[in-house]
Amino acid sequence: MRKKSLLAKILIVVLALAVVAGVVVLLYGSHILGKIERIDPDNEHQMTQEEVAQYMEQEKKEEENVSTSDLIKIPERDVAEEKEPDLNNKNIKLVTDKNVTNILLIGVDARNQSFSGRSDTMMVCSINSKTNTITLLSLMRDLYVEIEGYGNNKLNASYAFGGTRLLNKTIEKNLGIRIDHNVIINFSGFISAMAQVGDLDLSLSKDEVNYLVGLHPDWELVEGTNTLNSTQLLEYVRGRHLNGSDWGRTERQRKVIMAVYKRYRSQGVGAMLDLIDRVTPYVKTDMSNGEIVSAATGVVSSGMNIGKTVAVPTGNMYNAMYVKGRAVLVPDMAAVSKAVHHYLYDVD
């Protein structure tokens with residue numbers, strides 16, 4: 001009887017400690033998440049037509065100062081062919097799955113504390129609770145799409161024109177996928193956030209080493225594995241002048257995301273909350289505290305792996321051309337959306 005009584009007491013103590021620990025984690029998590037700046041779609045700036053005209057003029061000037069080969073591989077320019085193309089996006093079907101949550105990671109080209117500007121990086125982090133996998137899908141910034149209320153333009157212009165609400169609507173209309181949540185970071189915030197994450201070990205190709213050292217001759221980098229700090233990582237993910245232009249850039253961005261995830265996945269929810277605590281000053285999101293905790297707990301506790309890491313459009317899904325004096329990727333949107341549905345939902 002005494003042994004049973006002792007075991008009962010031990011069990012009660014263990015359960016009590018577990019409850020206390022759970023409450024502490026919950027309170028700590030609430031304290032951390034309460035500091036995150038939230039996206040308010042109702043108050044995001046909507047550009048007027050006059051502002052859009054100024055934006056377009058500025059972008060044309062910027063493109064004039066950049067070699068076309070640095071943007072996309074494009075044939076010799078033929079002004080006579082610069083007419084509005086058919087995007088083949090009239091019959092795009094919206095595909096959803098209750099087991100799939102799509103979080104859009106948005107990198108904005110602002111270099112101060114602003115979160116406005118063009119969304120130079122758009123990556124869908126798709127969490128599939130049924131297959132226990134994460135898919136990283138990069139959307140090319142120069143993808144030519146239909147933007148409601150503003151006509152056809154580059155995908156990254158939709159965020160500049162109307163914030164996350166318009167960007168999400170543009171992705172849904174053209175690609176047929178629903179964006180459930182958004183997370184935004186700017187260039188300055190990326191450096192600060194990665195400084196909190198710490199240095200990352202990444203393998204560099206010879207071309208990548210030559211490119212980075214060409215920018216910073218004092219950096220001691222070698223072909224193969226290198227330990228990169230936050231400033232080096234920013235140059236690594238921003239470079240559009242090597243490895244397939246923008247496709248290479250998006251691939252390097254996905255490699256950094258994978259390296260960060262690999263580091264923290266095995267350290268538990270506490271480590272993940274600590275990371276969130278340290279990067280909260282540099283990001284904005286529309287996710288509630290409960291949604292963040294649910295996503296972090298589900299991913300960490302289930303040990304999810306990152307499966308496919310891809311970019312669209314690729315292959316024969318697009319034509320690189322000039323439209324209205326700007327170099328763009330004109331897609332066969334039906335083919336692009338079909339590929340996206342396959343990547344995220346494994347449907348044809």
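Please treat every number below as a calculation from the coordinates, not as lab data. Values in this document were obtained by computation on a predicted structure and should not be read as measured data. All Cβ positions, glycine included, derive from the backbone under ideal geometry; neighbour counts span all protein chains shown.
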In segment 297-348, trypsin sites (Lys or Arg not before Pro) in a DSSP loop with at most 14 other beta-carbon atoms within 10 Å: Lys324
- line: Ranked output for segments 172-182, 133-143, 257-267 by mean other Cβ atoms within 10 Å, highest leading, reads 133-143, 172-182, 257-267
- prompt: Using a simple charge model, +1 on the beta-carbon of Lys and Arg, -1 on the beta-carbon of Asp and Glu, nothing else, what dipole does segment 154-296 show about its Cα centre, in debye to the nearest 20?
  reply: 600
message: Could you tell me how many cubic angstrom of Cα convex hull volume segment 34-345 has per residue?
response: 138
- line: Here, segment 223-262 modelled as identical Cα point scatterers in vacuum has Debye log10 I(q)/I(0) at q = 0.17, 0.26, 0.28 Å⁻¹ of -0.44, -0.96, -1.06
- request: For a footprinting-style exposure proxy, rank Met317, Met56, Met122 by other Cβ within 10 Å, fewest first.
  value: Met56, Met317, Met122
message: What does the C-alpha gyration tensor say about the overall shape of segment 212-348? Classify as rounded when a/c is under 1.5, otherwise prolate if a/b is larger than b/c, or oblate.
response: oblate
